[in-house]
Each structure stands twice: as C-alpha cells, then as structure tokens.
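Structure first, then comments.
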C-alpha cells in the first residue's frame, strides 16, 4: 500500500527532526569528550584540541542549525534575529579557532618543531582562513547596503554554498586531528572509530539541511 503525500511528508519531517536533535547531542557530546581527554590547562597543547572542537564541532554546528526549520533552538526568533545569532556564533567559532591555531603555533615554536608539516596542520590553516572570509562575507548579508550592486538572493546562495564548504573543511580538520599520534594513543581501538563517526554524522546532517532546505530551493526558483 502506497503512502500518501501527507504521510510521507510527516515521516520526512520526523526524520529531519531526529537527525537535527542527534546533531545537537553529538556536537555537545564530542566537544565535552575532547575536553575530558585533553584536560585543558594540563599543558599548553591541551588547549588546542579543546578550542578547535569547540569551534568546529559545537559552535559552527549550532550556528548552522539555527536555520533548521525542524531542530533550531531559536525558532521563536525572526529570520533577521536568527541571522544575527548565526553570525555571532560563527564569530565565536572563528575566535576560538584563531586562538587554538595560535597556541599550537606557539607550542611548536617552544618545542622547536616545524610548522604545517602535516595534512592536519595545512587543512587547519585553510579552514581558519576560510572561516575568516566566511564571517566577513556574512556582513554583506547583515548589511546589504555594503554591496548594493549584488542581488541579495545571489549573495545568500554564495554564502550558503561557501558556508557548507567551510563546515566540511572544519570537519575534515577534526578527522585529520583524530589521526594524530596524540589522539590515536589516547583513544585506541573501537573508541577511536566511534569518535570518528561524530564529525561525519554532523556533516551529513548539515549537508542535508543546506542542500535540501536552501540550495535546492534556490535552484528551482525561476
């Protein structure tokens, strides 16, 4: 027996709600998990994984879920209000990322280690730079008069696409960080595989939200 369109729509909304809720829980849980492992304050290096997971697992995920119609924690706010909260969360993520990146650079200097010698380091630098450009570009959406010659619809499309790329870069940086000697020796065996699933899960949820709820809608507009 075929399902009616209304039933299919309800199932789809329920799945999106469940996936959004799981993304919230995973983003918070993974960040706390890394903080427990790193024990911030125990060494200079210990702040790096904490700040980076706070930036790219928690703050950036929450910044994008602000616009989720099913799982946003700020659904009562207007679109403009949510946009401002989104930008603030993204700015906080950028500040945490800059601080985390600066600390690891200083830590390498102190211990006489080379910089950007791994894919994790190179991807991390690219991600931080991308996040900075993304926050700067977001100002054009908060204040459209800054770019009066650009159609607002196109700016939103470009920003959404660039934001998705930036989020995936952040998730990739986290995954590469979990391949580091520090993480693999701290979490061996099955625990490592469970940890790796966290940024993968949130990435899938964010990709679905941005592509289906925003990019797809923009593509079908005449």
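With the helix formula -39500 (n - 2.57) applied to DSSP H stretches of n ≥ 4, the chain reaches a computed 222 nm mean residue ellipticity of -24500 deg cm²/dmol. Measuring between their Cα centroids, the range 164-192 and the range 109-151 lie 20 Å from each other. Look at the Cα gyration tensor of the range 48-166: its axes a ≥ b ≥ c give a/c of at least 1.5 with a/b over b/c, and that counts as prolate. From Cα pairs below 8 angstrom and at least 6 apart in sequence, can you work out the relative contact order of the chain, rounded to a whole percent? Averaging sequence separation for qualifying contacts and normalising by length gives 22 percent for the chain.
What order, most packed first, do the peptides 40-47, 201-208, 169-176 have when packing is the mean number of other Cβ atoms within 10 Å of each residue?
Sorting 40-47, 201-208, 169-176 by mean packing, highest first, produces 169-176, 201-208, 40-47.
Using a 7 Å offset from the Cα along the Cα-to-Cβ direction at both residue 22 and residue 212, what is the distance between the two label points in nm, to one decimal? Inter-label distance under the simple model: 1.2 nm. Candidate values [x] 29; [y] 33; [z] 22 were compared with percent of Cα pairs over 30 Å apart computed on the shown model; the agreeing label is [x].
Coordinate-derived values only; no laboratory data. All values reported here derive from a predicted model rather than from experimental measurement. Positions of Cβ are backbone-derived with ideal geometry, glycine not excepted, and every protein chain shown enters the neighbour counts.
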